[in-house]
1. Which one is surrounded by the most Cβ atoms within 10 Å (Cβ to Cβ), of the residues in the range 51-97 that are of a type in the set (Phe, Trp, Tyr) and at pLDDT 90 or above?
2. Please verify whether Ser313 is at pLDDT below 90, small (Gly, Ala, Ser) and closer than 29 Å to Gln257 by Cβ, treating the condition exactly as stated.
3. Out of Thr126, Thr136, report the one residue that is among the polar types (S, T, N, Q), within 19 Å of Gln74 (Cα to Cα) and in contact with a Ser or Thr (Cβ under 7 Å, 6 or more places away or on another chain).
4. Residues in the range 313-333 that are open to solvent by 40 Å² or more (accessible area, probe 1.4 Å), in contact with a helix residue (DSSP H, G or I) (Cβ under 9 Å, 6 or more places away or on another chain) and in a loop (DSSP other than H, G, I, E, B): how many?
5. Does any residue in the range 185-199 that is over 14 Å from Ile245 (Cα atoms) come within less than 9 Å, Cβ to Cβ, of a residue that is surrounded by 14 or more Cβ atoms within 10 Å (Cβ to Cβ) and of a type in the set (Lys, Arg) six or more places away or on a different chain, and which pairs are these?
6. List every residue pair whose Cβ atoms sit under 7 Å apart, with the two residues 6 or more apart in sequence or on different chains, where the first one lies in the range 130-154 and is hydrophobic (A, V, I, L, M, F, W, C) and the second, anywhere, is at pLDDT below 85 and in a helix (DSSP H, G or I).
7. Any residue that is loosely packed, with under 12 Cβ neighbours inside 10 Å, without any contact (Cβ under 8 Å) to a residue 40 or more places away in the chain and among the β-branched types (Val, Ile, Thr) - is there at least one of those in the range 291-308?
8. Ala100 fails exactly one of the following numbered conditions: (1) open to solvent by less than 80 Å² (accessible area, probe 1.4 Å); (2) more than 40 Å from the chain's Cα centre (by Cα). What is the number of that condition?
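The values are calculated or read from the model by the stated rules, or taken from the named source; none is laboratory data. Given the structure is predicted, the values throughout are model-derived calculations rather than measurements. Positions of Cβ are backbone-derived with ideal geometry, glycine not excepted, and every protein chain shown enters the neighbour counts. Side chains are part of the model used for accessible areas, which takes the heavy atoms of the whole protein and leaves out ligands, DNA and RNA. Shrake-Rupley method; radii C 1.70, N 1.55, O 1.52, S 1.80 Å.
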Amino acid sequence: MYRCCRGSSPVSRCSLMAADMAVPGKAEGEAAGCGSPLLFPGPSMSPRLFLLLLSLACLAGRVGALIEGLYCGQEVCYDVLGVGRESSKADIGRAYRQLARKYHPDRYRSNEEKENAHNNFLLVATAYETLKDEETRKDYDYMLDHPEEYYRHYYHYYSRRLAPKVDVRIVILVTVCVISIFQFYSWRSSYNEAIKYLSTVPKYRIQATEIAKQQGLLNRAKEKGKNRRSKEEIKEEDEERIRDIIKNKIDIKGGYQKPQIYDILLFQIVLFPYYLFKYITWYIHWVYRFNIKREEYGEEEKLYLIRRNMKMSQTQFDSLEDDRKKLFLEEELWKRENYEIYKNQEEEKMKLKMASDPRWKRYRRWMKNEGPGRLTFADD
């Protein structure tokens, strides 16, 4: 007895089985092997038409599973390599190597033979790529067994084809590291530029020079012999000492402050759980002390409320002078109503200053007479 849709030639086997159906009592048992609904011939159906329909029904289970554009197209990957579905990975690799040597285009001379070999070589390579991976092979076997789930087959096929070859986590880690390195060097460059500028400001340069003289770092005796240096080298060394003193003595805040390794993006991400836990603890402590127990605000808490009212970051607030912070405390700006009064007063002062400033007057006059959006016509 022949079983339908098994082996490499389902058409011939189903045809033989259909021929056997002409024998009474044998048709029902053999047709059940096809896995297809039985089509019993009616009074008006000819035997030839019945054989044709039965052959098509036997082929539907296998041909319907092959979708053009997916995997090996209308070819079965197992048949391309000459292996079965139960073959091991080693058998698949052995069959691929043999067929790759057979269909390699360099073995042929004429253009037509090379083209045919090239097409066969690509088909063999596609079949091997499909069956060598366990997950892809599993999806392919599922497609052969469930040909009706078209959308699922397309989704799994293209999701694997378009998936990144490198782990996304590695890409994110490398990107964060690159950004962190760029951030640190950019920050350090800005800090060095700020120190270089401050070394030219007379106020800081005179103080740094006096400190250097007191420590005996300047006006050293000139070396003799091999250690003798030029005036340019001595001058550059003195400038470097002055900049080092400014670095150690001055506290630059804001965007030009000294870079800290813990402030770069990589450490911020790593330490984020710690910062989150610290903030939650601080917030609970704040609510308990000042909302439940009704304690008085300390200086640190008052400055925090002032900064929050002004909507300034910690770096911006730290860059303010200490005298100005004391003024904020004297004005009691941590209270919302006092801050609103202070804000309105500052806005009025700014308006009066701009109204009395000659440069601002010239700017307003230019905007009124010759500024953008004004239409003028030249007379002939």
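1. So, considering only residues that are of a type in the set (Phe, Trp, Tyr) and at pLDDT 90 or above, the one surrounded by the most Cβ atoms within 10 Å (Cβ to Cβ) is Tyr78.
2. yes
3. Thr136 is the lone residue from the list that is among the polar types (S, T, N, Q), within 19 Å of Gln74 (Cα to Cα) and in contact with a Ser or Thr (Cβ under 7 Å, 6 or more places away or on another chain).
4. The qualifying residues number 4.
5. These pairs meet every condition: Trp187/Lys258; Arg188/Lys258; Tyr191/Lys247; Tyr191/Lys258.
6. Hits for this filter: Met143/His153.
7. Checked the range 291-308: at least one residue is loosely packed, with under 12 Cβ neighbours inside 10 Å, without any contact (Cβ under 8 Å) to a residue 40 or more places away in the chain and among the β-branched types (Val, Ile, Thr).
8. (2)
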